[in-house]
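The values are calculated or read from the model by the stated rules, or taken from the named source; none is laboratory data. Remember, it's a predicted structure, so these values are computed and weren't measured experimentally. Because the Cβ atoms are built from the backbone with ideal geometry, glycine has one as well, and the counts that use them run over all protein chains shown.
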Amino acid sequence: MKSKYGKMQKLIFSICTGLFAFLTFVLLLIVIGSFSTFTERMLSDGVLRTLVSVTIAMYIVGFFLIQLMILNSQNKRLRTGNRVFLFLGILVLQYIFLTKLGKLDLTTDSFRVIDMAAEMVNSKQPLIKNAATDTVIDAYFSKYGNNHFIVLFFYFFFKIVKWFGGTDFPFWARILNLVFIDLGIVLTYKLAKKIVGQKYGDLVLCFAFLCSNTYVWLFWTYTNTISVPFTMGVLLLSFLWQKEEKRWKQVVLAIAMGILSAFGYRIRPTVIITVIALCIWHVFFTDKEEGKEKVKKIGVWLGLFLSFFVICTAGLGQFTKQYLEDKECKGEFPITHWIMLGLSDDGRYNFDDVDYTTAYATKEEKQKANIKEIKRRIKSRDVKETLIWAGGKLYTVFGDGTDQYTQQNTYQENQTRQTEYVYGRKNTLFKMYCRVFRLLEIFLVFVGIVETIRKKEKKWFLYQLNYLGAMLFFLIWEANKKYSISFDGILFLLSAQGILYIEQFFHRLKGKVAGYEKIDKSTTDMPVKRTKAGRNIIQYGTTIFFIATFLVTTVVYFYGKQGFVKNTYEMEKKAVAIRSGKCDGINELEPDYTELEQNIETRLTFGKILFRTMEPCKKGKGSGYYTIQIIDEQKQVLVKKKIEPDSEELGEKGITISFPKIVTPDDNVHSYKLKITRSSKETDFLDFKIYCYQAVDRYRSGDLSVDGKTEGMRDMALTAYQREMEAEISEGVYHRIFLFADGIVILCACVCAWSTYRTKKELLESA
């Protein structure tokens, strides 16, 4: 029995680690290659782009060098103070992002869920309304049944908020999101401490501190971020169960794992990947004893864990149905829909596939149609095309680094200057940082898996298996850049593992020439006692690294100066943006309307407005005309345009009008009225898109009026742009960024030089 078990364990370990190493290596090559085509408003000069990327990478590496010096220090107060600095640093940066980067809006899924939950709180009959029986609500919650439970999650949270007097539900949703992001970080940190020790936990904390996802996703409250604590919590409970010797505590932990997994699965189904990984790990890789004792122990855990997982999952499903008008959503998309999406040309969400599935009436018909299309798409690609397609999906989900944060985090008005450098048109350096940081993470994960295979070390296999499961899952499922956020905690663990292995490698390398004591090659723990000569070499090496970083930064400064400033373009900064929500055409909502008035507020100048329509404008068709006016607070008509069926302003997205810039008289917020009048009720070649809200007024700065009647929960879909010629990064900002960077490097080099001097002095004194 022992032989068979050992062979099975070895086979699973070899296959999974080998496959994970292969996929990670492929992903690493793809990410490196992506920098050559990194042209998304980025630096056009390839040499400059490379130099900037290298500079950012050197700063990140320098940060970890300093951290390793602190973590290897014998000064306990220094290590504790550094840990406090990292925790407080995360909180301070989160506060800055929430308060100093302007007003960011909820969009797409996040808005739909929070809006529905807020409506349920305000409603006398709290129901997740289904389009099959309620024509007021669109088919969103009928199609996407996976969002029913998260709506209830926010519903009960908002009830508590309202009970304490809170009314701004989107604000409290952001606060809840912050709590869950930080809870995920804390749980990951605790797990890392349990796996190896305090040093490993601190390294994980460093990754959380440097990762942009800790900050840029604070505004977009959805399952991507909220599911992280559930995944990491289950993994932490699993580790505690493995180390626990008391039977009753093992039982409690197994039950808690099952319940927590069920809640996590209902919030975001990808938690099932962790459940499967746990089952494989505990069945084949825990405990050294064999035979009946192991079977009994694992059998009890497996029975309790899976039983409570299944029971709680089913129970939560039945509980959710109580809040549906229909006991079954007839329009709900089957699982096969997302597999079909995953097999599309780029493997991502697209409206054609949504329309294809929607065209079939029942869930069974949708499933049959999806399966037919799945088979066709599988057969349509040869081996080479499939491999290229799979590589593209891997990069989409795990390789980009920005995780689509700019698309999901949009803003309305009153944005600050800082907003432009993170979410706006001047975010070149920030997005490059995100991509370089992700590249370094993938490299460290690859180092970790290679060393795991070399040493046959199974300490991190559970977490590698989890990330491998995510990779394989999204090769089948619909791919999206933001889907990797749910696995950030596991990525931090694996990246920190890579740093430990690299540090151990240099310890051995330096030990051969600097008198290191012999260390145990079977472990990555770092209780290595170094001689003073060895410490001296490390100090000199660190000092030289920071001097090199200073020189590279200076080269980038002078070489790239013109490259940054010369990249000018016609900037279309959003002065006002109203989008997201359930949309309807005004011709359907109010077919007999004569006049529309949309009030907007902004402190920015603007010279172009896009009024979105339900369908591409019917150019050359229809009769009559529309008159569009822009009126200021003094009721002066600033712009007046007549739009006819053959007007040049008609386009695919809607109608776009340009005019001389409207400049606000000061830096304060001013109101404007956008007035649209149609010549007759038969004029209908423009069907203006109207956003309808449940309970959350997404644009609180202005209202829509139809024939003089104010529509409190409706707004026109539009975007007002400021049009100016501007550089990617202004020269002044460019100067400040790099001068500040050089100052930091000089400071770090001085600290390392001083440390080197102290080490040398100690050597001389001891001699």
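Can you name the residue in region 139-156 that is out of contact with any Lys or Arg (no Cβ under 9 Å at 6 or more places or on another chain) and surrounded by fewer than 19 Cβ atoms within 10 Å (Cβ to Cβ) and is also nearest to Phe207 (Cα to Cα) among such residues?
It comes out as Phe156.
Is region 614-627 home to any residue that is assigned by TED's automatic domain parsing to the domain that holds Ile662, modelled with pLDDT of 75 or more, aliphatic (A, V, I, L, M) and in a strand (DSSP E or B)?
The answer is no, given that none of the residues of region 614-627 is assigned by TED's automatic domain parsing to the domain that holds Ile662, modelled with pLDDT of 75 or more, aliphatic (A, V, I, L, M) and in a strand (DSSP E or B).
Of all residues in region 628-646, which are in a loop (DSSP other than H, G, I, E, B) and in contact (Cβ under 8 Å) with a residue 24 or more places away in the chain?
Asp632, Glu633, Pro645, Asp646 - these are the residues of region 628-646 that are in a loop (DSSP other than H, G, I, E, B) and in contact (Cβ under 8 Å) with a residue 24 or more places away in the chain.
Residues to consider are Thr188, Thr214, Thr167; find the one that is hydroxyl-bearing (Ser, Thr, Tyr), farther than 24 Å from Phe285 by Cα and in a helix (DSSP H, G or I). Write out each step before concluding.
Working: Thr188 fails: farther than 24 Å from Phe285 by Cα; Thr167 fails: in a helix (DSSP H, G or I).
Just one listed residue meets the conditions, Thr214.
Of the conditions (1) surrounded by fewer than 20 Cβ atoms within 10 Å (Cβ to Cβ); (2) at pLDDT 85 or above; (3) touching a helix residue (DSSP H, G or I) at 6+ places or on another chain (Cβ under 9 Å), Asp346 clears all except one; give me its number.
(2)
Tell me yes or no: at least one residue of region 35-48 is among the hydrophobic types (A, V, I, L, M, F, W, C), closer than 29 Å to Thr543 by Cβ, surrounded by 17 or more Cβ atoms within 10 Å (Cβ to Cβ) and modelled with pLDDT of 75 or more.
There is no residue in region 35-48 that is among the hydrophobic types (A, V, I, L, M, F, W, C), closer than 29 Å to Thr543 by Cβ, surrounded by 17 or more Cβ atoms within 10 Å (Cβ to Cβ) and modelled with pLDDT of 75 or more.
Got at least one residue in region 361-378 being closer than 18 Å to Lys143 by Cβ, of a type in the set (Ser, Thr, Tyr) and surrounded by 14 or more Cβ atoms within 10 Å (Cβ to Cβ)?
Looking for residues that are closer than 18 Å to Lys143 by Cβ, of a type in the set (Ser, Thr, Tyr) and surrounded by 14 or more Cβ atoms within 10 Å (Cβ to Cβ), one finds none in region 361-378, hence no.
Right, Arg381: farther than 17 Å from Val26 by Cβ, surrounded by fewer than 20 Cβ atoms within 10 Å (Cβ to Cβ) and modelled with pLDDT of 75 or more or not?
When the stated conditions are applied, Arg381 passes them.
Would you be able to say whether some residue in region 229-248 is closer than 18 Å to Ser486 by Cα and among the β-branched types (Val, Ile, Thr)?
Yes, region 229-248 has at least one match.
Please specify each residue of region 418-459 satisfying the condition of being within 22 Å of Ile280 (Cβ to Cβ) and buried (at least 22 other Cβ atoms within 10 Å of the Cβ).
If the condition is that a residue be within 22 Å of Ile280 (Cβ to Cβ) and buried (at least 22 other Cβ atoms within 10 Å of the Cβ), then Val445, Gly448, Ile449, Thr452 are the ones that fit.
Being in a loop (DSSP other than H, G, I, E, B) and within 17 Å of Met340 (Cβ to Cβ) is the filter; apply it to region 363-388 and report the residue that is farthest from the chain's Cα centre (by Cα).
Restricting to residues being in a loop (DSSP other than H, G, I, E, B) and within 17 Å of Met340 (Cβ to Cβ), the top hit is Ser380.
Working only within region 264-281, note down all residues that are part of a loop (DSSP other than H, G, I, E, B), buried (at least 19 other Cβ atoms within 10 Å of the Cβ) and not hydroxyl-bearing (Ser, Thr, Tyr).
The answer is Arg268, and nothing else.
Restricting to region 578-589, give me the number of residues that are of a type in the set (D, E, K, R) and at pLDDT 85 or above.
If we filter region 578-589 for residues that are of a type in the set (D, E, K, R), which is where we start, we get 579, 582, 584, 588.
Now restrict to residues that are at pLDDT 85 or above: none.
Within region 578-589, residues that are of a type in the set (D, E, K, R) and at pLDDT 85 or above number 0.
Table: residues versus (1) modelled with pLDDT of 85 or more; (2) touching a Leu at 6+ places or on another chain (Cβ under 6 Å); (3) under 30 Å from Gly6 (Cα atoms).
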position: Gly303; (1), (2), (3): yes, no, yes
position: Glu325; (1), (2), (3): no, yes, no
position: Cys329; (1), (2), (3): no, no, no
position: Gly342; (1), (2), (3): yes, no, no
position: Thr362; (1), (2), (3): no, no, no
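Could you check how many residues of region 658-688 are more than 22 Å from Cys583 (Cα to Cα) and buried (at least 18 other Cβ atoms within 10 Å of the Cβ)?
Residues meeting the conditions: 2.
Which members of region 217-263 meet the condition of being in a helix (DSSP H, G or I), modelled with pLDDT of 90 or more and of a type in the set (S, T, N, Q)?
Thr223, Asn224, Thr225, Thr231, Ser238, Ser261
Counting only residues that are in contact (Cβ under 8 Å) with a residue 40 or more places away in the chain and either within 16 Å of Gly654 (Cβ to Cβ) or among the β-branched types (Val, Ile, Thr) (or both), how many does region 595-618 have?
Here the count works out to 15.
In region 638-672, what count of residues is obtained for those that are among the polar types (S, T, N, Q), at pLDDT below 85 and under 34 Å from the mean Cα position of the chain (by Cα)?
1
Hey, could you check region 460-508 for residues that are under 30 Å from Leu65 (Cα atoms) and among the acidic types (Asp, Glu) and say which is surrounded by the fewest Cβ atoms within 10 Å (Cβ to Cβ)?
Only one residue fits best here, namely Glu503.
Of the residues Val61, Val54, only one is modelled with pLDDT of 85 or more and either in a helix (DSSP H, G or I) or more than 16 Å from Gly401 (Cβ to Cβ) (or both); which? If you could, list the steps in order and put the result at the bottom.
On the way: Val54 fails: modelled with pLDDT of 85 or more.
Exactly one residue qualifies, and that residue is Val61.
Test Gly391 against the criterion of being outside any helix (DSSP H, G or I), closer than 14 Å to Ile30 by Cβ and under 24 Å from the mean Cα position of the chain (by Cα), and give yes or no.
Values: outside any helix (DSSP H, G or I): no; closer than 14 Å to Ile30 by Cβ: yes; under 24 Å from the mean Cα position of the chain (by Cα): yes.
Answer is no for this residue.
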